[in-house]
Amino acid sequence: LLVFLGLALPGTQGKVIPRCDLVKILRRQGFEGFVGKTVADWVCLVKHESSYNTKALNDNGPSRDYGIFQINSKYWCDDGKTRGSKNVCHISCSKLRDDNIGDDIQCAKKIAREANGLTPW
């Protein structure tokens with residue numbers, strides 16, 4: 001039965017990016033020192049927000065958090081469900097739940113830049 005469920009629900013678990021791989025990605029993307037934070041700060045954030053899972057989703061009631069950085073639909077992305085979404089990153093929230101984290105990185109940097117840190121998380 002478990003094998004069947006695994007086949008019947010492809011892609012529901014998402015890609016879990018190993019911590020060391022995430023460190024390399026974040027370093028390449030200029031996160032070291034970005035808004036005064038270290039790569040270690042960002043890795044810790046991702047660990048606690050999504051457990052490194054690209055398909056992470058958290059329902060907060062009126063809004064939802066999406067992807068590896070758990071980006072919120074009220075302010076940063078559009079999920080078509082959240083009333084009054086500002087969509088500051090100009091992106092569909094569903095794009096934040098695929099295995100390509102390039103757009104997640106761009107949005108996370110925009111959030112951190114506007115907040116001058118990690119306070120939105």
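The values are calculated or read from the model by the stated rules, or taken from the named source; none is laboratory data. If you're wondering where the values come from, they're calculated on a predicted model, not measured in any experiment. Quick reminder, even Gly has a Cβ in these numbers, built from the backbone with ideal geometry, and neighbours come from all protein chains shown. Heads up: the accessible areas ignore ligands, DNA and RNA and are worked out on the full protein's heavy atoms, side chains in. Shrake-Rupley method; radii C 1.70, N 1.55, O 1.52, S 1.80 Å.
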Mean accessible area per residue over the chain (1.4 angstrom probe, all protein chains present, square angstrom) is 59
For segment 54-120, please report how many Lys pairs fall under 20 Å Cα to Cα, leaving out neighbours fewer than 8 apart on the same chain.
14
Rounded to a whole number, what % of the accessible area of the chain do carbon and sulfur atoms account for, probe 1.4 Å?
52
What does the convex hull of the Cα atoms of the chain come to per residue, in Å³, rounded to a whole number?
110
Across the chain, where is the longest run that never hits trypsin sites (Lys or Arg not before Pro) in a DSSP loop with at most 12 other C-beta atoms within 10 Å?
1-80
Taking the chain and dividing mean pair separation by its residue count, relative contact order in percent (alpha carbons under 8 Å, at least six apart)
19
Using the Cα centre as the reference, give the magnitude of the dipole from point charges on the C-beta atoms of segment 54-120 (Lys, Arg: +1; Asp, Glu: -1; all else neutral), rounded to the nearest 20 debye.
200
Just to confirm my understanding: which cysteines in the chain have no other cysteine beta carbon less than 4.7 Å from their beta carbon?
C20, C44
Roughly how many debye, to the nearest 20, is the charge dipole of the chain about its Cα centre, given +1 on each Lys and Arg Cβ, -1 on each Asp and Glu Cβ, and no other charges?
140
